[in-house]
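Throughout, read-outs are computed from the coordinates displayed, never taken from laboratory work. Every value quoted in this text rests on a predicted model; they were computed, and no experiment measured them. All Cβ positions, glycine included, derive from the backbone under ideal geometry; neighbour counts span all protein chains shown.
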Amino acid sequence: MTTENLNIFARLNNHREAPTEMLDEMASHFREARSPMELFEALKMQIREKLGLPLVSNENEPSRPEDVERQLEVGLLDACREAGTMLIEDGRIGEGWMYLRPTGDTPLAKELISKIEITEENYEDMIQVLLHEGIDVARGYQAVLDQQGTCNSITLYEQALANRGKADQQAAARCLLNHLHSELCELVRGDIARREAPAGDEETLAEMIEKRRWILSDGGYHLDTTHLSSTVRIATVLEDEESLRKAWDLTQYGRRLHHQFQYPGDEPFVDFYPAYTAFYSVLLGDNVDAGLKVFERKARAVDTVEHGTAAVETYVDLLDRIGRHQQAIDIAIELAPKDLPPQRIVPMLIEIASRVPEPTSEQGWASILEYCQKHNDVLGYAAVLHASGTPTG
C-alpha cells in the first residue's frame, strides 16, 4: 500500500464525524490521482449523501419522490461529464465517451477529442467515436481515407453512412470528393508535365483536359475508374458551390474515359457521366432549362414499378434545390405513384413548402392539404395544418 493511500485513509478518518467533508476529501483525492472511474463513484456518493440517501444503492430501495429522482439524475449526469472529460483528456477515448454519452454533450466531446492526435494505438477508438458515434464525422472519415485509402472509405460510406442524416453524409462526402479530386488533379498535372510544358496553376481539371485532347485519347486512365464513379454519385448530397464544381469537374474527366470504363448507373443516371454532368450543371446554374428537361423526361417516362421512384425524386430535388419550390411540390404530387403511401411523401412536401416565401406559400400548403384529403391521410393533414399555421376553422 502506497504512502499516498495511507494518507487518504487517515484523512478520511479525520472526517468520520462530518460525512460531507469526508466525501469532499475522497473526491478531491481521486481528482488529484487522475482516477476518473473512482471519481465517478465518489461523486455518486456525494449526490446520494446530499439527498439523504444511503451512500451505496441496493435493490430494495424504496421509491423516491419525483424531485429527488430529478436531482439524482442531474447529479449523476454531472458526475458522468467530469469523469468522461478526465478519461478523454488522459487519452482513454472509448471509455470517456461511455461516460459522456448519457449527457448528450457532443460539443464537449468533440472539443476534447479535437486536442488528441489520431495514432495507431487509438485509431480504432477514435474512428468508433468520431465516425460511428457521430462526434466529428468529417475528421473520422478523413482519418479512414488517410489510413485505409479510397476503396475502403467508399465501402464504409455505403455501409455505415449512406442511411445517416444529411449532415453526416455531407461531411463524409466532402472529404471523399476533395481527396479524389485532389489526387486526380495531381496525377493529370504530372502526366501533362511529363509530355509537355506544365499546366498553369490556375487551370482546373476540366480546363486541363479540355485544352489537351490527347489526355485519355489512348484509352488510359489516371486512377481507379470505379472510385471515380462512386465519388461522382456520392457527391450529389453536397450543396456548396465549390464542391459542386469539383464534382462537375470529375464528370468531365469521366466523359472522356474509354467506353469500357463508363459504367451504367441506375435511373435516372443510366447514361452515367452525361446525366451527372446535367445534374451538377443545373445546380451550378449552367444550362438549367436543358438539364431540367433531361430529368423531367426521366421522371415521366421511367417505370416506377421496375425502377422505383428515384427518377421522380431526383427531378423534385433539383427543382427544390434551385429554388423552384412550388413546381417541386406540384411535380411530386402529380407523379407520385398511386400506391405510394402518403406518409412517404408528405414529410418531404412539408419540408419543401416551408421554403416557399410568403405570400406565395399559401398555394403550396393548399395543394398538400388537398393531396392529404384525397388520400384520406388524416395524420398528414393535421401535420400540414400545424406546419403551415392554417387555422382549422
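What the table below lists for this structure:
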| quantity | calculated |
| --- | --- |
| Furthest towards positive pole of dipole, A33, Q71, I192, structure part the chain, Cβ charges | I192 |
| Mean shadow area of region 323-393, taken as a quarter of the surface of its Cα convex hull (nm²) | 4.4 |
| Trypsin sites (Lys or Arg not before Pro) restricted to region 231-277 and DSSP loop, no more than 10 other C-beta within 10 Å | none |
| Shape metrics for region 88-240, restricted to C-alpha atoms - Rg then Dmax, Å | 18.9, 60 |
| Gaussian network model of the chain, springs between alpha carbon atoms under 10 Å - residue of F30, F295, F279 with greatest fluctuation | F30 |
| Gap separating the Cα centres of region 29-76 and region 107-129, nearest whole Å | 29 |
| GNM result for the chain, Cα springs below 10 Å: residue of D105, D339, D240 fluctuating most strongly | D339 |
| Mean shadow area of the chain, taken as a quarter of the surface of its Cα convex hull (nm²) | 30.3 |
| Cross-link partners of K338 among aspartates and glutamates (Cα-Cα below 14 Å; sequence separation of 8 or more within a chain) | D303, D377 |
| Helix-only [θ]222 nm of the chain, DSSP H runs n ≥ 4, -39500 (n - 2.57) each, per residue, nearest 500 | -21000 deg cm²/dmol |
| Residues I135, I368, I333, sorted so that the one with the fewest Cβ neighbours within 10 Å comes first | I333, I135, I368 |
| Percent breakdown of C-alpha pair distances by 10 Å bin, ordered from the shortest bin, for region 178-327 | 10, 39, 32, 14, 4, 0 |
| Choice from A382, A27, A328 with maximal GNM fluctuation in the chain (Cα, 10 Å cutoff) | A382 |
| Simple Cβ-charge dipole of region 136-263, Lys/Arg +1 and Asp/Glu -1, about Cα centre, in debye nearest 20 | 360 |
| Filter on K166/K374; K110/K166; K246/K293 - keep pairs with C-alpha separation over 25 Å | K166/K374 |
| Set of lysines near K50 by C-alpha distance (under 18 Å), chain-local residues within fewer than 8 positions excluded | none |
| Test item: Cα-centred dipole of the chain, Lys/Arg +1 and Asp/Glu -1 on Cβ, debye | 940 |
